[in-house]
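In what follows, a single structure is set out as C-alpha cells and then discussed.
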Amino acid sequence: MDALRFVAESARIPNRRGLGTWHATRYGAGMPERAWRRASGGAIALLAGIAATVWVAPVSGALPVGTYYASPSGSGSACSSSSPCSLSTALAQAGSGEDGSGQVLYSGGTVLAAAGTYPAGLALDATAGPVTVQGSASASTIAGGGLTGPLLSITGTEPVTLDALSFTGGAAGVGQGGDVDATGGQLTVVDSTFSSSFAPNGGAVAFAPSVPGVLGVEGSTFVGNTAAQSGGAVFVGTGSTAAIEGSTFVNDGASSSSGDGAVAGSGISLQADIFANDGAVACPSSATVGAGVLVADGACAGARATTDAALFPGGSAVLG
C-alpha cells in the first residue's frame, strides 16, 4: 500500500544541484529520478496485477442433490413430503435434476418411494447426477401387468442405486431384463427382491450398457425368475463387470440348455452367495467365486455344496 500511495502522492520537483529531476513525497523523502522510476514501475505493475484480478464470490462445483417423494396414489409435480407425486414423475425429475416447474436445480437426487404397489413401465434417464431410488424395506413393490417390456428401464451415464425395492411379474417378451433393463454405466442393487419375472436374457435384471460398466448386487433375493436364453436372474453384457455379494438365488433358470442358470455373463465375481435349484449350471464357469458361496442342485465351480433348506427364503427350497 505504501508503494501505491507513493505513486499517487508523488510530486515532481527540480533538483537544485543539477543532477536531474528529483521526486519528493509527502513523507519528506526525496530520491533521484532513476530510483523513482524503478519504484514507480513496481507499483504500477502491482496496480496492473490488482486490476487484472477479478474477485468473485465462492461458487460450489455442483448443484445440490434433490429429494423427491413418491407414493402409489401420488399426483402432480411437487414431489414433496406433503404432496408426493407418482413414481414415474419422481424418476423423471430426479434423472434430469428438475423441480416441479421444470427448472434444473439439482444434481441428481434421491427418490423416496413409500410402501405400496406401483405400476410397471417406468423409466429413469440419469443424466443430471447420481440417483438413488429408496424403497420402504422391500414393501415398495413395482409389479408387472402383462407388459411386453421391463418394469423399469434405466438409461443415462450417471450411477443409479436401487435400495429396498421389490420387483415382481416382469415380462420382457423381447430384449432383456424382465424387471430391470439397465444400459447406463453403473448400477447398484441393495437389499431388494426380484420374483416371477421373464426375459430372453436376464429374467430379473439385465445390465448391458453400450460402454462397459459396473454392476453391484448386495443382500438381494431372486426367486423364480426365468430367461429364454441366459441368466434366469441376472445377465451381464460383454465387457461389463459384476460383483454379487450376500445374495440368494432360488429356482432361477434359463430355458436354453446352453444358458447359465441364475447368473450369466462375463466379468462376474461372487461372494457369500447362495444358489438353489437354479438349473444344471448356476453360475458361469468364468465367474470368480469367493468365500462362502453355496450351491444346491446345481454347478458353480469353486462353490461349496449345501443341503440346508433353512438357508433359503422360507426354508422352502426343494433340495436333492
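I need the full set of residues from segment 87-118 which are assigned to a loop (DSSP other than H, G, I, E, B) and either open to solvent by 60 Å² or more (accessible area, probe 1.4 Å) or in contact with a Pro (Cβ under 8 Å, 6 or more places away or on another chain) (or both), in order please.
Initial filter on segment 87-118 (assigned to a loop (DSSP other than H, G, I, E, B)): 97, 99-103, 105-108, 114-115.
Selection gives 101, 103, 105, 106, 107, 108, 114.
The set of residues in segment 192-212 that are among the aromatic types (Phe, Trp, Tyr) and either over 21 Å from residue 133 (Cα atoms) or assigned to a loop (DSSP other than H, G, I, E, B) (or both) contains only 198. For segment 214-227, name all the residues that are among the small types (Gly, Ala, Ser) and at pLDDT 95 or above. 216, 219, 220 - these are the residues of segment 214-227 that are among the small types (Gly, Ala, Ser) and at pLDDT 95 or above. For segment 180-192, a tally of residues being of a type outside the set (Val, Ile, Thr), at pLDDT 95 or above, open to solvent by 10 Å² or more (accessible area, probe 1.4 Å) and closer than 20 Å to residue 97 by Cβ returns 1. Listed here are the strands (runs of 3 or more DSSP E) enclosed by segment 220-320 that have at least 2 residues being open to solvent by 30 Å² or more (accessible area, probe 1.4 Å) and free of Cβ contacts under 8 Å to residues at least 60 places away in the same chain: 226-230, 241-245, 268-271.
Among residues belonging to segment 119-160 that are polar (S, T, N, Q) and either in contact (Cβ under 8 Å) with a residue 60 or more places away in the chain or closer than 19 Å to residue 208 by Cα (or both), point out the one that is surrounded by the fewest Cβ atoms within 10 Å (Cβ to Cβ).
Here is the first cut: in segment 119-160, the residues polar (S, T, N, Q) are 127, 132, 134, 136, 138, 140-141, 148, 153, 155, 157.
Among the residues that remain, those that are also either in contact (Cβ under 8 Å) with a residue 60 or more places away in the chain or closer than 19 Å to residue 208 by Cα (or both) are: 127, 148, 153, 155, 157.
On the way: 127: 15, 148: 9, 153: 19, 155: 16, 157: 13.
Only one residue fits best here, namely 148.
Evaluate segment 95-111: report whether one residue or more is touching a helix residue (DSSP H, G or I) at 6+ places or on another chain (Cβ under 9 Å) and closer than 22 Å to residue 222 by Cβ. Within segment 95-111 (the criterion being touching a helix residue (DSSP H, G or I) at 6+ places or on another chain (Cβ under 9 Å) and closer than 22 Å to residue 222 by Cβ), the answer is no, since none of the residues qualifies.
Going residue by residue through segment 167-179, is there one that turns out to be acidic (Asp, Glu), within 19 Å of the chain's Cα centre (by Cα) and open to solvent by 10 Å² or more (accessible area, probe 1.4 Å)?
Start the filter on segment 167-179 by keeping residues that are acidic (Asp, Glu), which leaves 179.
Cutting the leftovers down to within 19 Å of the chain's Cα centre (by Cα) gives us 179.
Remaining after also requiring open to solvent by 10 Å² or more (accessible area, probe 1.4 Å): none.
Looking for residues that are acidic (Asp, Glu), within 19 Å of the chain's Cα centre (by Cα) and open to solvent by 10 Å² or more (accessible area, probe 1.4 Å), one finds none in segment 167-179, hence no.
The values are calculated or read from the model by the stated rules, or taken from the named source; none is laboratory data. Just so we're clear, the structure is a prediction, and the values are computed from it rather than from any experiment. All Cβ positions, glycine included, derive from the backbone under ideal geometry; neighbour counts span all protein chains shown. Heads up: the accessible areas ignore ligands, DNA and RNA and are worked out on the full protein's heavy atoms, side chains in. Shrake-Rupley method; radii C 1.70, N 1.55, O 1.52, S 1.80 Å.
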